[in-house]
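Note sheet for the following structure.
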Amino acid sequence: MSTLFYLLIALLLLGILITVHEFGHYITARLCGIAVREYAIGMGPKLISRTSKKTGIVYSLRALSLGGFCSFYGEDDVEGSEQDDPRAFGKAAVWKRMLTVLMGPGMNFLLAFVVLFAWFAIGGVQTATRVQPCILQVEENGPAAAGGLLSGDIILSVNGEGTEKESLDDTMALISAWKEGDAPLALTLERAGEVTQASVTPFYDAELGRYRLGVTIGARVAASERMPVSLGEAIRCSWEQCTYAGGMILRALRNLVTTGEGLEDTSGPVGVVTLVSQEVRAGGFEAFLNMLVVISINLGIMNLLPIPGLDGSRFLFLVLEAIRRKPIPARREAIVHLAGMALLFAAMIFFTYRDIVKLFH
């Protein structure tokens, strides 16, 4: 299929995420009795617009698909001209406004969980049917390093006993069974697609009370298939995968802030669309779902950061209001959020420019 098709699929994915995020704000506000001015998918000039005769809410589809918003009366009103409007956002109880702000990111988390649950409940969970012991790390100055073992080596046999049908524990037992005076362990390894031999004499680790090679051994999935699971298992697997993805994103953010690691890999909208289209082209529908889940969780986490203009910053102002028992001056808060949005747009322009440069290179 053409590149244009996959780009449209990527835009569809982002459109789903934005729609769901803004719908979280919208539906919570409606349930809490907070007046909504406009619910928009996209940014920039309006393509389609309809005003509800019953509620006065404007529903619009806008030209730039990489964004959206749910606006309220009196929100970011620098001049203060709408602060006395009975429909103004600031007139609602603080807990209602907190809930409305949080449910944007909350819907992104919920979307990721629901998509995974449906996928696992209908299609089953990818389960390893055969694993191979694989060397994850080689300790410096240990017998394994001296014997020439390398990270990534797959252990095919130990002293002639194949590991293909063994569990990881069985392979560890073969190594731990070595005793002082025995001949060095004869290992058959697969390295970069080629079979090689190695001879290693284990050392006794008094702290662990067993013989070791001086390596960290893990399991490499050699074969897998989708296995049906119960609804309870589907819920558990969905939760575990969501928390795993969230943990990875938080660690990446921590490294980005503390060491700058990953800054070169940070992308703007163009980079995200390009990545999604490439992944979907290579992996099909399952890749589409995986990208939707990861980006949805990422969008939820990013929006909860206390960055001016984002939901996390708005929530922080509401927390301060609840503690002080009176709101922060509306003009001051509006200026902070507007300045934050200006910086975010500037960052988006910078990363978009860099993404385009990368495409041409």
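Derivation of every value follows stated rules applied to the coordinates shown; laboratory data play no part. A quick note: this is a predicted structure, and the numbers were derived from the prediction, not measured. Because the Cβ atoms are built from the backbone with ideal geometry, glycine has one as well, and the counts that use them run over all protein chains shown.
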Only Cα pairs within less than 10 Å get springs; with that Gaussian network setup on the chain, which residue of LEU338, LEU305, LEU47 has the largest fluctuation?
LEU47
For the chain, build the charge dipole from Cβ charges (+1 Lys, Arg; -1 Asp, Glu) around the Cα centre, then report which of VAL131, TYR244, ILE301 sits farthest towards its positive end.
ILE301
Rg/Rh for the stretch 1-82 to two decimals, with Rh computed the Kirkwood way over all alpha-carbon pairs.
1.06
Need the list of lysines near LYS91 for cross-linking: C-alpha distance under 26 angstrom, and skip anything on the same chain fewer than eight residues off.
LYS53, LYS54, LYS326
Given the candidates THR19, ASN290, GLY218, the one whose Cα lies deepest towards the positive end of the charge dipole of the chain, counting +1 at each Lys or Arg C-beta and -1 at each Asp or Glu C-beta, is THR19
Rounded to two decimals, the Debye log10 I(q)/I(0) of the stretch 127-226 (Cα scatterers, no solvent) at q = 0.11, 0.20 Å⁻¹ is -0.30, -0.99
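How big is the dipole moment of the stretch 127-226 about its Cα centre under a simple scheme where the beta carbon of each Lys and Arg is +1, that of each Asp and Glu is -1, and everything else is neutral? Debye, nearest 20, please. Please list the in-between numbers first.
On the way: 8 positive and 15 negative charges, 42 e Å.
Here the stretch 127-226 has a charge dipole of around 200 debye.
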Spin-label proximity, MET43 to the stretch 328-361 - amide N less than 14 Å from point 7 Å beyond Cα toward beta carbon:
338-353
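Relative contact order of the stretch 127-226: what whole-number percent is it, with Cα pairs under 8 angstrom and at least 6 residues apart?
Relative contact order for the stretch 127-226 comes out at 41 percent.
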Express in whole angstrom the spacing between the alpha-carbon centres of the stretch 284-361 and the stretch 82-98.
22 Å
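How much FRET efficiency would the formula 1/(1 + (r/R0)^6) give for ALA206 and ASP169, where r is the Cβ-Cβ distance and R0 is 35 Å, rounded to 0.05?
0.95
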Counting pairs of alpha carbon atoms under 8 Å apart in space and at least six apart in sequence, what relative contact order in percent does the stretch 30-171 give?
15 percent
If you place +1 on the Cβ of every Lys and Arg, -1 on the Cβ of every Asp and Glu, and leave all else neutral, what size is the dipole of the chain about its Cα centre, to the nearest 20 Debye?
2000 debye
Positive dipole terminus of the chain, leading residue within SER267, LEU253, ALA322 (C-beta point charges)
ALA322
If you compute Cα Rg over 2.2 N^0.38 Å for the structure shown, which of (1) 1.05; (2) 1.32; (3) 1.18 do you land on?
(2)
